[in-house]
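Reviewing the structure listed below.
The values are calculated or read from the model by the stated rules, or taken from the named source; none is laboratory data. Every value quoted in this text rests on a predicted model; they were computed, and no experiment measured them. Positions of Cβ are backbone-derived with ideal geometry, glycine not excepted, and every protein chain shown enters the neighbour counts.
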Amino acid sequence: MEIFFIGLSFLGILLFEKFGLKMKLPWVGKLCFLCGQLITIRSLPQDSLFKGFALLTYVYCLFWQDAKTYYISKKWVVPSVLLFLCLGSSQSLISSVSGAFLYGIPSLGMVWLKPEWIGQADVIYFFYFGALLGIERMMVACLMAIGIGFFWMLGMKKTILPFCSCLSIGVWIAYLKGYTILISFADLLG
């Protein structure tokens with residue numbers, strides 16, 4: 001069963017390269033995707049593997065779209081809705097709505113105050129991933145994204161950061177181990 005999901009999601013990546021991104025991704029990216037699939041298999045129970053692979057494929061494509069083009073098109077609406085319908089039922093309605101507003105409203109305020117700091121796609125994905133993950137796991141995703149973004153800026157020595165790429169990595173980590181990281185962090189603090 002795992003081989004079927006790996007093959008299906010890898011086919012999705014190849015189709016994304018050809019029709020969505022219209023450029024070849026580096027072999028390192030594909031290797032990272034395959035490693036991510038193995039981590040997903042080891043981290044999730046058997047009954048939620050499809051959801052894990054769907055999320056991994058989605059955030060992988062979002063990562064490369066933002067990293068290569070610094071632009072997220074409106075074509076992402078349909079896959080986003082499909083992913084939310086697939087994964088959204090695992091969160092309570094209160095957690096989804098409060099996660100969307102708790103992370104979306106401050107980012108919306110940043111756009112109004114300093115539009116050069118954050119893009120509109122970043123704001124939309126703060127709302128979206130906040131609703132998808134809920135408050136607790138989105139906190140882990142944001143902290144991971146900030147850390148990844150910090151090291152990305154140091155390593156690349158650029159002034160523009162594709163934050164949706166950083167956020168997509170944080171979302172995947174938070175989906176797999178968000179509650180575990182949150183509990184470990186709370187135990188560390190006291």
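Among (1) of a type in the set (Lys, Arg); (2) out of contact with any Gly (no Cβ under 9 Å at 6 or more places or on another chain); (3) buried (at least 18 other Cβ atoms within 10 Å of the Cβ), where does Lys74 come up short?
Failed condition: (3).
Taking the stretch 134-145, which residues are within 13 Å of the chain's Cα centre (by Cα) and either surrounded by fewer than 18 Cβ atoms within 10 Å (Cβ to Cβ) or under 9 Å from Leu167 (Cβ atoms) (or both)?
Ala141, Cys142, Leu143, Met144, Ala145
Quick check: anything in the stretch 117-133 farther than 21 Å from Trp172 by Cα, in a helix (DSSP H, G or I) and of a type in the set (Gly, Ala, Ser)?
There is no residue in the stretch 117-133 that is farther than 21 Å from Trp172 by Cα, in a helix (DSSP H, G or I) and of a type in the set (Gly, Ala, Ser).
Just checking, how many residues over the stretch 77-98 are farther than 18 Å from Ser168 by Cα and surrounded by 13 or more Cβ atoms within 10 Å (Cβ to Cβ)?
Residues in the stretch 77-98 being farther than 18 Å from Ser168 by Cα and surrounded by 13 or more Cβ atoms within 10 Å (Cβ to Cβ): 5 in total.
Out of Leu176, Leu161, I need the residue that is more than 13 Å from the chain's Cα centre (by Cα), crowded, with 18+ Cβ neighbours inside 10 Å and either among the aliphatic types (A, V, I, L, M) or assigned to a helix (DSSP H, G or I) (or both). Which one? Lay out the reasoning, then the answer.
Values: Leu176 fails: more than 13 Å from the chain's Cα centre (by Cα).
The conditions single out Leu161.
Since Ile118 meets every condition but one in (1) under 25 Å from Phe53 (Cα atoms); (2) crowded, with 18+ Cβ neighbours inside 10 Å; (3) at pLDDT below 90; (4) hydrophobic (A, V, I, L, M, F, W, C), which condition does it not meet?
(1)
Enumerate the pairs (first residue in the stretch 164-185 and among the basic types (Lys, Arg); second residue anywhere and modelled with pLDDT of 90 or more) with beta-carbon separation below 9 Å, excluding pairs fewer than 6 apart on the same chain, so at least 6 apart or on different chains.
Listed by first residue and then by second, the contacts come to Lys177/Val140.
Are there any helices (runs of 4 or more DSSP H) wholly within the stretch 1-98 with 1 or more residues that are modelled with pLDDT under 75 and of a type in the set (A, V, I, L, M, F, W, C), and if so which?
Result: 2-15, 27-43.
Go through the stretch 84-133 and give me each residue that's more than 14 Å from the chain's Cα centre (by Cα) and charged (D, E, K, R).
Lys114, Glu116
Given the criteria touching a residue at least 12 places away in the same chain (Cβ under 8 Å) and either within 18 Å of Gly178 (Cα to Cα) or among the small types (Gly, Ala, Ser) (or both), does Ser73 qualify?
Working: touching a residue at least 12 places away in the same chain (Cβ under 8 Å): no; either within 18 Å of Gly178 (Cα to Cα) or among the small types (Gly, Ala, Ser) (or both): yes.
No, not satisfied.
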